[in-house]
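The values are calculated or read from the model by the stated rules, or taken from the named source; none is laboratory data. What you see is a predicted model; the values in this text were computed from it and never measured. In this analysis, Cβ positions are derived from the backbone assuming ideal geometry, glycine residues included, and neighbour counts consider all displayed protein chains. Surface accessibility is based on the protein's heavy atoms, side chains included, excluding ligands, DNA and RNA. Shrake-Rupley method; radii C 1.70, N 1.55, O 1.52, S 1.80 Å.
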Amino acid sequence: MRVGLVGWRGMVGSVLMSRMVDESDFGLFDARFFSTSNAGGQLPAGLAVLPRVEPRLYDASDLASLQECDVVLTCQGSDYTKQVYEPLRKAGWSGYWIDAAKTLRMNDDAIIVLDPVNQPVIDQALNKGIKNFVGGNCTVSCMLMGVGALFKAGLVEFIAATTYQAASGGGAQHMRELLNQMGSLNASVRQLLDDPASAILEIDRQVLQTQKGLSAEQTQHFLVPLAGNLIPWIDADRGDGTSLEEWKGGAETNKILGRGPGFNQPAIPIDSICVRIGAMRCHSQSLTIKLNKNVPLKDIEQMIAEDNPWVRLVPNTKEDSIHHLTPIQVTGSLNIAVGRLRKLALGDQYLGAFTIGDQLLWGAAEPLRRMLRILLKA
Ligand code: HSE
């Protein structure tokens, strides 16, 4: 099998490459690397030493070279998918397209992949000859890795979520912007901070003044300050009171589970308010889950803990929550922390939960490399 890799240098692509190296994926297939900017160049030394890789970079827009691949795996982004996918199919290519971008996600001939949650949906699709396998929205995938057990057990009546999404969800430039803003805020009150006798309200006033005075260049990615602030809107305005990120929460979750339009099972209502916060990496969510019956908390904890090898159940105590249920603890690991589990005052069927996942791993790169493995075994 020849696998064409596109967009392997960006943030998601780099995380993907590092995971593929860690898991010794290279060597299981012939790898051809494509580039949008350096076609004809040499593969970087770090990748060139991997087994079964072609040493030169191919042009990512050259359909003929792409057609020679049995699988194209792209993290290049939605513009690339829009530009290349249709012409490639029209040219008669019938290979597997694995994609991180949202472009094809909701198409009838595409499956959203998250195999620990929806292996049966993936198997069915492969049997039907589906060729497009797309990674889900990061927030959705991380949430399902955490509480997927409740869906599998058919216990969820609805979910209302509030998300706390890290700067990295926007991309590398967004992370830089946040850090630069943090630096500006700190610098603006440095002297006052150094003086233990200075007045906190004066510090606060000056920080606010700095935040409000940040230039267009300093806020070009988030549009408004994020440092010392939060932004209760992520992605496009759909014009109906919801953001695109919020719409994905419902639509993609159901599609991953094989529910809603195109499936035989009705959609489960999932609604959220998605919020950007000043964390660097990891998307967190506070969930209110209505169960369709009263299940003892102990049973729920056990179901969640045993669902997959990556869930880390965090006891619902202050000590455990502040030490183990934070983006800092989860960043860089495949662990999905699930905590704050308790029955809510709303009633016995209402469950509160807080989940955290590294959105670059389970939220982006990991389902893609696992899909490639599934294809290699198919
Ligand atoms: N849309 C997500 C975010 C990242 O902005 O945090 C990608 O799914």
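Note on the chain: Cα convex hull, mean projected area over all directions, 21.7 nm². Taking only protein heavy atoms and a 1.4 Å probe, the accessible area of segment 240-365 is 53% carbon and sulfur. Annotation for segment 292-378: trypsin sites (Lys or Arg not before Pro) lying in DSSP loop with at most 16 further Cβ atoms inside 10 Å of their Cβ are Lys293.
Taking amide H atoms as placed 1.01 Å from N in the peptide plane, the amide H of Tyr58 lies under 5 Å from those of Phe33, Phe34, Ser35, Gly40, each 5 or more residues away in sequence or on another chain. Rounded to the nearest whole Hz, the Karplus-based 3J(HN,Hα) values (6.51 cos²θ - 1.76 cosθ + 1.60, θ = phi - 60°) of segment 177-184 follow the sequence 4, 4, 5, 5, 5, 4, x, 5, with x at glycine and proline. Amide H contacts of Ile112 (H built 1.01 Å from N, in plane; Pro and chain starts excluded): Val134 sit under 5 Å, all sequence-distant by 5 or more or on other chains.
Filter Lys298/Lys343; Lys290/Lys343; Lys152/Lys290; Lys102/Lys290; Lys82/Lys255 down to the pairs with a C-alpha to C-alpha distance above 18 Å, please.
Lys102/Lys290; Lys82/Lys255
Rolling a 1.4 Å probe across all protein chains gives Thr326 an accessible area of roughly 30 Å². Out of the GluC sites (Glu not before Pro) in segment 252-318, which ones are loop residues according to DSSP with at most 14 other C-beta atoms within 10 Å? Within segment 252-318, the qualifying GluC sites (Glu not before Pro) (loop, at most 14 other Cβ atoms within 10 Å) are Glu306.
Please list Arg176, Arg190 from largest to smallest accessible area, probe radius 1.4 Å, with all protein chains kept in place. List each step's numbers first, then the result.
On the way: Arg176 145, Arg190 105 Å².
Solvent-accessible surface, decreasing: Arg176, Arg190.
If only the Cβ of Lys and Arg carry +1 and only the Cβ of Asp and Glu carry -1, the dipole of the chain around its Cα centre is close to 420 debye.
Phi angles of segment 5-22 translate, via the Karplus equation with coefficients 6.51, -1.76, 1.60 and θ = phi - 60°, into HN-Hα couplings of 10, 10, x, 8, 9, x, 5, 5, x, 5, 5, 4, 4, 5, 5, 5, 5, 4 Hz per residue; Gly and Pro are given as x.
Protein heavy-atom surface of segment 1-64, 1.4 angstrom probe: 52% of the accessible area is carbon and sulfur, with nucleic acids and ligands not counted. Per-residue ellipticity at 222 nm from helix content only, as computed over the chain with -39500 (n - 2.57) for each DSSP H run of at least four residues, stands at -11500 deg cm²/dmol.
Could you grab the Rg to Rh ratio for segment 139-200? Cα atoms only, Kirkwood for Rh. Each step should come with its number before you reach the end.
Working: Rg = 20.3 Å, Rh = 15.7 Å.
Here Rg/Rh amounts to 1.30.
Amide hydrogen proximity for Arg342: with H placed 1.01 Å from N in the peptide plane, the residues at 5 or more positions away or on another chain lying under 5 Å are Gly352.
Filter the trypsin sites (Lys or Arg not before Pro) in segment 218-259 down to the DSSP loop ones having no more than 15 other Cβ atoms within 10 Å, then list what survives.
Sites meeting the loop and neighbour criteria: Arg238.
Summed over the residues of the chain and divided among them, the accessible surface reaches 45 Å² per residue at a probe radius of 1.4 Å. For the chain, give me the percentage of DSSP beta bridges that are antiparallel, rounded to the nearest 5 percent. Close to 45 percent. 3J(HN,Hα) couplings calculated from phi for segment 294-302 with the Karplus curve 6.51 cos²θ - 1.76 cosθ + 1.60 (θ = phi - 60°) are, in sequence order, 7, 10, x, 4, 4, 5, 5, 4, 5 Hz; Gly and Pro show x.
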